Amino acid sequence: MQRRHSFSLIQNQSTRIIVLFPSSYHIAVRRRVEPSRSRGRPRRRAHTHYGRQGSGSLEEKKSSMELVGRVRRLLTQGGATEDSDADDVGAPIRVGLVGASNISKFAMINAASRRKDVEVRAVATRTPGKAREFAATNGIPVAHDDFASLFADETIDAVYISVVTEEHLNLGLQALRAGKHVLLEKPLALDAQEARELRDAAKEHNVVLMEAMHYKHHPALKRLRELVETEAVGTVQEIDVCFAKFDASAWGIGGKYTPEKLRTKMLDRWIYCIDLVQLLAPGRKVKTVCSAEDAGFIVRGELELCDRDDERKGLVRATWEADAQTVRILPAWVATVQCAEGKLVLQNFNFPSLYHRLYIEPTNGPARVETHYGEVGKTTFEYQLDAFCRAVRERHVDSLVPPEASVATLEIVDKVRAAFADSENERKNESD
Ligand SMILES: NC(=O)C1=CN([C@@H]2O[C@H](COP(=O)(O)OP(=O)(O)OC[C@H]3O[C@@H](n4cnc5c(N)ncnc54)[C@H](OP(=O)(O)O)[C@@H]3O)[C@@H](O)[C@H]2O)C=CC1
Ligand SMILES: O=C1OC[C@@H](O)[C@H](O)[C@H]1O
């Protein structure tokens with residue numbers, strides 16, 4: 001294949017070349033990483049994936065316009081169409097926002113505006129006045145200056161919590177105990193024990209608890225799972241996930257994180273890597289954390305996953321890396337699944353509704369590329385809201401996102417954290 005590089009960056013100690021050509025969705029990522037300190041083996045293969053070639057054709061222009069339409073749909077409110085959701089499901093679900101966050105605009109306000117069966121009725125913030133301002137800007141009828149009065153509001157059926165992760169347990173428990181259904185931003189909690197407490201409270205109060213892992217509900221992810229499950233290119237051998245996005249604060253722009261804050265900030269990104277590994281290798285348990293390294297804005301890990309019943313059968317190696325420090329124009333959110341008879345690559349697994357490419361590359365056969373946008377432009381958050389509404393109406397959370405899955409993911413996170421500590425100690429000992 002002929003390569004066209006429109007933009008490239010060579011960056012940082014771990015050698016990374018990023019090539020981007022957003023107007024034609026041409027994103028290439030090449031990574032070459034030094035051998036792992038702990039095992040002396042290369043942590044990653046270098047790999048490159050190129051989208052469609054060329055630019056300027058009618059088809060290119062059409063797809064650029066489609067991209068613009070998808071971005072607009074994410075950023076704006078819109079009316080419910082005639083055939084949009086459940087007219088006959090009875091009264092709308094009345095939602096309260098816990099936190100006046102940016103993400104709540106996309107994940108709840110804009111998503112709800114496109115359906116008739118959800119009403120965003122109230123918002124609460126801890127900072128007096130902020131809720132009123134947010135309500136006025138976003139057309140929300142009720143504003144509360146504290147969370148307790150939102151939880152006590154009997155006109156609210158469900159809440160969407162999108163405040164800092166450190167507060168998920170506290171506010172999640174208050175909401176569940178008040179009998180509200182809860183859509184709780186990812187990561188569900190800081191660790192597995194907190195997640196278990198939330199899961200148990202939801203059960204006790206017979207309400208729905210769903211983690212807002214929006215990406216999972218998109219058709220592109222469903223297709224990737226189907227290809228894995230049907231062994232389209234053989235059994236899974238290795239899963240490699242990269243979640244990388246520039247963060248200004250990593251460079252001291254717009255405020256610096258404290259070391260504590262940095263840890264949760266990065267967890268809020270690398271949780272996706274572990275979550276995706278879980279999604280693609282369901283029912284497996286972590287046999288070993290081969291290596292794990294937390295270097296602030298770059299967090300890496302390597303796991304061995306084994307079948308629950310038979311450790312010799314189907315060992316899968318999973319590697320992942322989250323990076324907020326590399327300068328990049330577009331995020332690199334890439335999942336690579338190496339199978340016995342080929343490879344599957346999903347570019348932009350995190351926001352597939354904006355753009356994505358799914359590469360299917362059999363070892364002995366022609367490679368192909370697929371896209372799965374589902375309903376034109378429908379965002380990952382709209383798919384997520386479909387699932388949440390279904391869960392509320394049926395009192396049953398989708399098999400993609402039950403609280404057990406969040407607990408299982410955080411159990412792996414806890415193991416990885418323990419390995420971080422080991423690798424830090426190892427490094428200290430080496431330098432002494
Ligand atoms: N699904 C997705 O794509 C995304 C999800 N997220 C998730 O959303 C959540 C919030 O993200 P983040 O970027 O940290 O949001 P922000 O730092 O923007 O905070 C959002 C809200 O949190 C409130 N807040 C901050 N600290 C506290 C506290 N101690 N107690 C109560 N409220 C508090 C802020 O209130 P105030 O203004 O009054 O300080 C603000 O309303 C996280 O769980 C994150 O993982 C974030 C981005 C994207
Ligand atoms: O959930 C997220 O996805 C997008 C990221 O930019 C953000 O930091 C994270 O919270």
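Restricting the stretch 93-128 to residues that are basic (Lys, Arg) and in contact (Cβ under 8 Å) with a residue 40 or more places away in the chain, which is farthest from Leu176 (Cα to Cα)? So that I can check it myself, show each step before the final result.
First pass over the stretch 93-128, keeping only residues basic (Lys, Arg): 94, 105, 114-116, 121, 126.
Imposing the further condition that a residue be in contact (Cβ under 8 Å) with a residue 40 or more places away in the chain reduces the set to 94, 114-115.
On the way: Arg94: 15, Arg114: 26, Arg115: 25 Å.
Selected residue: Arg114.
Just to verify a result, which residue in the stretch 174-199, among those that are more than 19 Å from Ala391 (Cβ to Cβ), assigned to a helix (DSSP H, G or I) and not charged (D, E, K, R), is nearest to ligand 2 (Cβ to nearest atom)?
Among residues in the stretch 174-199 that are more than 19 Å from Ala391 (Cβ to Cβ), assigned to a helix (DSSP H, G or I) and not charged (D, E, K, R), the one nearest to ligand 2 (Cβ to nearest atom) is Ala192.
For the condition within 16 Å of ligand 1 (Cβ to nearest atom) and acidic (Asp, Glu), what is the one hit in Asp275, Asp294, Asp309? Can you show your working first?
Values: Asp294 fails: within 16 Å of ligand 1 (Cβ to nearest atom); Asp309 fails: within 16 Å of ligand 1 (Cβ to nearest atom).
Only one candidate passes the filter, namely Asp275.
Please work out which residue is nearest to Asp386 (Cα to Cα), limiting yourself to the stretch 145-173 and to residues that are crowded, with 21+ Cβ neighbours inside 10 Å and free of Cβ contacts under 8 Å to residues at least 60 places away in the same chain.
Result: Gly172.
Since Thr380 meets every condition but one in (1) touching a Ser or Thr at 6+ places or on another chain (Cβ under 8 Å); (2) more than 21 Å from Arg72 (Cβ to Cβ), which condition does it not meet?
(2)
Residues that are farther than 30 Å from Val118 by Cβ and of a type in the set (Asp, Glu): does the stretch 391-401 have at least one? Don't jump to the end; show me each part of the working.
Pass one, the stretch 391-401, residues farther than 30 Å from Val118 by Cβ: none.
No - not one qualifying residue is present in the stretch 391-401.
So in the stretch 261-318, with the set limited to residues that are part of a helix (DSSP H, G or I) and more than 16 Å from ligand 2 (Cβ to nearest atom), which one is farthest from Glu424 (Cα to Cα)? Quick ask: steps written out before the conclusion?
First, the residues of the stretch 261-318 that are part of a helix (DSSP H, G or I): 261-280.
Still in the running and more than 16 Å from ligand 2 (Cβ to nearest atom): 277-278, 280.
Values: Val277: 24, Gln278: 26, Leu280: 29 Å.
The extreme case among them is Leu280.
I need the full set of residues from the stretch 353-411 which are farther than 23 Å from Tyr272 by Cβ, assigned to a helix (DSSP H, G or I) and in contact (Cβ under 8 Å) with a residue 12 or more places away in the chain, in order please.
Cys389, Val392, Arg393
Is it the case that Asp240 is touching a residue at least 12 places away in the same chain (Cβ under 8 Å), closer than 26 Å to Gly365 by Cα and buried (at least 16 other Cβ atoms within 10 Å of the Cβ)?
Working: touching a residue at least 12 places away in the same chain (Cβ under 8 Å): yes; closer than 26 Å to Gly365 by Cα: yes; buried (at least 16 other Cβ atoms within 10 Å of the Cβ): yes.
Yes; evaluated as a whole, the condition is true for this residue.
Does Phe381 count as under 17 Å from the mean Cα position of the chain (by Cα), within 16 Å of ligand 1 (Cβ to nearest atom) and surrounded by fewer than 23 Cβ atoms within 10 Å (Cβ to Cβ)?
Taking the combined requirement at face value, the residue does not satisfy it.
Here, each number is a calculation from the coordinates, and none is a lab measurement. In this text the structure is predicted, and so the values were computed from the model without any measurement. Glycine gets a Cβ as well: all are built from the backbone with ideal geometry, and neighbour counts include every protein chain shown.
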